[in-house]
Each structure stands twice: as C-alpha cells, then as structure tokens.
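Below is one structure; the comments refer to it alone.
The values are calculated or read from the model by the stated rules, or taken from the named source; none is laboratory data. Bear in mind the structure is a predicted one, so any value in this text is a computation, not a measurement. All Cβ positions, even for glycine, are placed from backbone atoms using ideal geometry, and neighbour counts span all protein chains on display.
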Amino acid sequence: MSVSISPGRVGSEFVKKIKELSGETLQLCYQCGMCSGNCPMASNMDLSPRQIIELARLGLEEEIADSRTVWICASCLACTVTCPRGFDLSRLMEAIRLLTLRKGVDYVRPEEIPVEERGELPQIAMVSGLRKFSG
Ligand code: SF4
Ligand code: SF4
C-alpha cells in the first residue's frame, strides 16, 4: 500500500491522543525497520509496523484508518523486544485500535458472522476477538 502525503494534513490532536493512550514517545523511533523484519504478521499487513509509526507521528489518521495493519497485529510483542530504541509498538497499535473503537467503529460485528459458522468457532477465540475488535 502506498501513501501520498499532502501538506497541511498533519493531525496534531490525533498525535496527542495516541501519545496519551500509548504512553510512548513517537520520536524515539528512528525508522530502522527491525520491528517490521521481526513481525510474524507483517506479510499479512498492507502497511508495515515501521510505516504505521511514521504515519502516526505525522498525524495521518485517515491513512492509518484505511489500513488493516493495526487489526492484523497480534500483540505478540516481538517488535517491542527487538526495538533498539525501546519503543513499545504494541502499545501504539492498541492505542490506535482504541481510538477507532471509541468512535463506534467495530472491526468485527457478531451479527455478520454467519449463523452456521458460529457453532464451529472456538468460543475463547470468539470472546477474545470481540473484546479486541469491537467497542
Ligand atoms: S525497531 Fe524501533 S526504532 Fe526501528 S523502526 Fe521499529 S519502532 Fe522504530
Ligand atoms: S505486536 Fe503486532 S506489530 Fe509487533 S511484532 Fe507482534 S504482530 Fe507485529
């Protein structure tokens, strides 16, 4: 997924909110890409973890919202333990998910899961998934 950045679209309020929610200092990241290289889910993401950080600190909320990456993130912490700067990317991913869910946007809606499939799905995974992906 390519992202074009036009001037004047920097969302400082978005940056402030994700800093508050994640507790992380976005400026710590120097874009080395080790997080993306070690992420087990990266091949399923349309934007790499490294790109999400860059978009986040630029305040490009719409570009992040258009991407599936934060929902694909499994919160496994592989990026966090390998980051040479001590940046906890999993907390940033969670902060972005929370901000989205607080707007009333559910990534997964139970009513959209076909009835015939509901009985087949592992119940623990269902509960866990709905907690993580719905507001
Ligand atoms: S590993 Fe750390 S410093 Fe490198 S791009 Fe990822 S978050 Fe930034
Ligand atoms: S926490 Fe998310 S972004 Fe980080 S390595 Fe795991 S799946 Fe990838």
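Considering (1) in a helix (DSSP H, G or I); (2) in contact with an Asp or Glu (Cβ under 8 Å, 6 or more places away or on another chain); (3) not aromatic (Phe, Trp, Tyr), the lone condition that Ser75 does not fulfil carries the number (1). For the stretch 23-40, a residue qualifies if it is more than 13 Å from the chain's Cα centre (by Cα) and part of a loop (DSSP other than H, G, I, E, B), and the qualifying residues are Gly23, Glu24, Thr25, Cys29, Tyr30, Gln31, Cys32, Gly33, Pro40. In the set (1) assigned to a loop (DSSP other than H, G, I, E, B); (2) hydroxyl-bearing (Ser, Thr, Tyr); (3) at pLDDT 95 or above, Ser43 fails one condition alone, (1). Within the stretch 75-88, residues that are under 13 Å from Gly33 (Cα atoms) and within 9 Å of ligand 2 (Cβ to nearest atom) sit with their Cβ atoms under 9 Å from residues that are part of a loop (DSSP other than H, G, I, E, B) and small (Gly, Ala, Ser), at 6+ positions apart or across chains, in these pairs: Thr80/Gly86. What are the residues in the stretch 93-104 that are part of a helix (DSSP H, G or I) and more than 12 Å from ligand 1 (Cβ to nearest atom), if any? Glu94, Ala95, Ile96, Arg97, Leu98, Leu99, Thr100, Leu101, Arg102, listed by residue number. Of the candidates Ser90, Ser75, Ser36, the single residue that is within 10 Å of ligand 1 (Cβ to nearest atom), assigned by TED's automatic domain parsing to the domain that holds Leu21 and among the hydroxyl-bearing types (Ser, Thr, Tyr) is Ser36. If the condition is being in contact with a helix residue (DSSP H, G or I) (Cβ under 6 Å, 6 or more places away or on another chain) and either crowded, with 21+ Cβ neighbours inside 10 Å or assigned to a helix (DSSP H, G or I) (or both), then the stretch 57-67 contributes Arg57, Glu61, Glu63, Ile64.
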